[in-house]
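Read through the structure below, which is laid out as structure tokens, and then see the notes.
The values are calculated or read from the model by the stated rules, or taken from the named source; none is laboratory data. From a predicted model like this one, the values you see are computed outputs, not experimental measurements. Don't worry about glycine lacking a Cβ; one is built from the backbone with ideal geometry, like all the others, and counts go over all protein chains shown. Note: accessible area is taken over every heavy atom of the protein model, side chains too, but ligands, DNA and RNA are not part of it. Shrake-Rupley method; radii C 1.70, N 1.55, O 1.52, S 1.80 Å.
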Amino acid sequence: LLTPEGILQGKPQKQICQVVLDHFEKQYTKELGEAWSTVREVLTSPLCWQYAVLLNKFSYSSELENNLHLKGYLSLFQETLPYLPGSLKCYISRTPGRFPAQKHQIGKLKEYYLLNAASLLSVLALEIKDGERVLDMCAAPGGKSIAMLQCAWPGHLHCNEYDSLRSKWLKQTLESFIPEPLMNLITLSELDGRQIGDLHPELYDKVLLDAPCSNDRSWLFSSDIQQATLRLIQRKELSSLQVQLLRSAIKALCPGGSVIYSTCTLSKAENSDVISHILSSCSNILPVDISELASVVSDEFSLVAGVQPHELLVLPAKGKAWGPMYVAKLKKT
């Protein structure tokens, strides 16, 4: 797979998969209306995608921060958020492009992590406090786990990834960013997320379920028609898996605890429909209003209007090429 950095270095651009684009065209014209044409323009142009630079507080470099300022990078969260730890520092550029990635060096922590800025919204919505027991249920490649650890010192962080290859990637990511003493607070596992609720009932104060989903950005560049067709068939099954994972996450929560459900797709079936299904079938679950967070970040992110107070949906837009990212918050009574 050709990565965006490969594209930016002048390598041939990866081809859009027409089968997927046709499918999205039909579905998202119906679900997003006029907004889809702008979204499509951004999603199909990797050269205009943006990447944020999340600083690592465990390997802070004033030289790096000065360098970012000189290159015109701005602090992402300048407004007062309902919850914003001072230790979370993230920089964005108004123009597309990618800050150079750092190579993995044994024994040396990386100074920053490159990510889609919208993915930080799920971490902020979780509002992690020091000492809490936290589960990152589908944690690879590890960006959200790293962001959580920038926000607070959890009493225990359980990072789970069912896929063994992705799990290795997750382990290496954590070792690249987190000092050894803090690694003692982290448990890594390769469990099927659907079983975690039964294995660890009512254990966690906070759960992040960044669910497996039809990743709109990468699916548009599926390597061949066969793979794309298979993905589109599997897409119909994803919402059922997502509901099972969310039920498991709820089982794993202490009473009073909260769960964030997030995806990187625009698909209503995998987003608000999953949450509606849970709210209508689980009597011990309440929606949590995150509209204050949404209104504060609406300058930096293009958000869909008219969603429920407990959810937000980031649309990729020109100059704000973040997302897609869906975030919803629920609480266990």
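Among residues of the stretch 295-316 being modelled with pLDDT under 95 and of a type in the set (A, V, I, L, M), the one that is farthest from PRO46 (Cα to Cα) is VAL296. Within the stretch 124-143, residues that are within 23 Å of PRO212 (Cβ to Cβ) have Cβ atoms under 9 Å from residues that are assigned to a loop (DSSP other than H, G, I, E, B) and among the polar types (S, T, N, Q) in these pairs: GLY143/ASN116, counting only partners at least 6 apart in sequence or on another chain. Scanning the stretch 170-183 for residues that are in contact with a Ser or Thr (Cβ under 9 Å, 6 or more places away or on another chain) and either without any contact (Cβ under 8 Å) to a residue 12 or more places away in the chain or outside any loop (DSSP other than H, G, I, E, B) (or both) gives LEU170, THR173, LEU174, PHE177.
Touching a helix residue (DSSP H, G or I) at 6+ places or on another chain (Cβ under 7 Å), more than 21 Å from LYS30 (Cα to Cα) and of a type in the set (Lys, Arg): is that true of LYS268 in this structure?
No; evaluated as a whole, the condition is false for this residue.
Within the stretch 23-53, being surrounded by fewer than 17 Cβ atoms within 10 Å (Cβ to Cβ), part of a helix (DSSP H, G or I) and among the β-branched types (Val, Ile, Thr) holds for THR29, THR38. Annotation: of all residues in the stretch 300-316 being touching a residue at least 24 places away in the same chain (Cβ under 8 Å), in contact with a Lys or Arg (Cβ under 9 Å, 6 or more places away or on another chain) and not hydrophobic (A, V, I, L, M, F, W, C), the one that is farthest from SER276 (Cα to Cα) is GLU300.
Let's see how each residue does on (1) modelled with pLDDT of 90 or more; (2) in a helix (DSSP H, G or I); (3) surrounded by 16 or more Cβ atoms within 10 Å (Cβ to Cβ); (4) over 22 Å from the mean Cα position of the chain (by Cα):
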{"residue": "LEU1", "(1), (2), (3), (4)": "no, no, no, no"}
{"residue": "ILE7", "(1), (2), (3), (4)": "no, yes, yes, yes"}
{"residue": "GLY10", "(1), (2), (3), (4)": "no, no, no, yes"}
{"residue": "GLN15", "(1), (2), (3), (4)": "no, no, no, yes"}
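Only helices (runs of 4 or more DSSP H) whose full extent lies in the stretch 55-158 are considered here, and the ones with at least 3 residues that are small (Gly, Ala, Ser) and open to solvent by less than 40 Å² (accessible area, probe 1.4 Å) are 143-151. The strands (runs of 3 or more DSSP E) falling completely within the stretch 184-290 that include 2 or more residues that are open to solvent by 10 Å² or more (accessible area, probe 1.4 Å) and touching a residue at least 40 places away in the same chain (Cβ under 8 Å) map to 204-210, 253-263, 285-287.
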